1. Go through (1) in contact (Cβ under 8 Å) with a residue 40 or more places away in the chain; (2) in a loop (DSSP other than H, G, I, E, B); (3) charged (D, E, K, R) and name the single condition ARG181 misses.
2. Name every residue in region 25-44 that is over 8 Å from VAL58 (Cα atoms) and in contact with a strand residue (DSSP E or B) (Cβ under 9 Å, 6 or more places away or on another chain), in order of residue number.
3. Could you tell me which of the residues LEU127, LEU144 is closer than 15 Å to THR56 by Cα, within 12 Å of the chain's Cα centre (by Cα) and surrounded by 14 or more Cβ atoms within 10 Å (Cβ to Cβ)?
4. Just a yes or no: is a residue in region 91-104 modelled with pLDDT of 95 or more, more than 24 Å from THR23 (Cα to Cα) and assigned to a helix (DSSP H, G or I)?
5. Can you find a residue that is in a strand (DSSP E or B), crowded, with 17+ Cβ neighbours inside 10 Å and at negative phi anywhere in region 112-124?
Amino acid sequence: MMLLNPRNPNGKENVVYWDNFLTEEDIHFLRHHPSWINYHAAEVGNSGNDMHTRRTNVGWVDFSEQNQHIWQKIAQVVSEVNSKFFHINLTGFYEDMQLSEYSGAYQGHYNWHTDACPSDNTVPRKLSMVLMLSEPKEYEGGELQFKVSDTDETLEMRLGRAWFFPSYLLHRVTPVTKGVRKTAVLWVGGEPWR
């Protein structure tokens, strides 16, 4: 049997995943991207460093020529995922891709939040992507969870798997208790919701 990408897991209508649309070389490129050298503590919106809400180090992948091969592959996948599942009016990428590191050394986590910000005066975030850059055996904890009614749904993370979801969905990353969990996160913008 041959499974086709992207896939919508049974019972999880608001999230879609796509396995291995990036090559091993692409994943290696992101895992060892120069921005990891200059990473810094992540901020939460306009609140600055709020260690209770988020304890993560981040770096950024811009739109420069050296990164275009990654952006082009992601753009193609985003377009296909959106047309097949979400049908959101998207207009493009307006922010750099975030490389996030959650370490067990400091209980890296990100409490319940959405990626969309109603007071945002830039192009609204409408579709989010989280791409796993670590093998599950490299860390413990660090589960990506969504709030569905009164339950916390945990999504299966594997190296090279990307999860896509509307940016208004409530989600979190539970504390990493051992090792290091790395992801690439990005947001696709569009006209304001109607």
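1. Of (1) in contact (Cβ under 8 Å) with a residue 40 or more places away in the chain; (2) in a loop (DSSP other than H, G, I, E, B); (3) charged (D, E, K, R), only one is false for ARG181: (2).
2. ILE27, LEU30, ARG31, HIS33, PRO34, SER35, ILE37, ASN38, GLU43, VAL44, listed by residue number.
3. Of LEU127, LEU144, the one residue that is closer than 15 Å to THR56 by Cα, within 12 Å of the chain's Cα centre (by Cα) and surrounded by 14 or more Cβ atoms within 10 Å (Cβ to Cβ) is LEU144.
4. yes
5. Checked against the condition, which is being in a strand (DSSP E or B), crowded, with 17+ Cβ neighbours inside 10 Å and at negative phi, region 112-124 yields no hits at all.
The values are calculated or read from the model by the stated rules, or taken from the named source; none is laboratory data. Because the structure is predicted, anything quoted here is derived from the model rather than measured. A quick note on method: Cβ atoms are made from the backbone with ideal geometry, for glycine too, and the neighbour counts reach across all protein chains shown.
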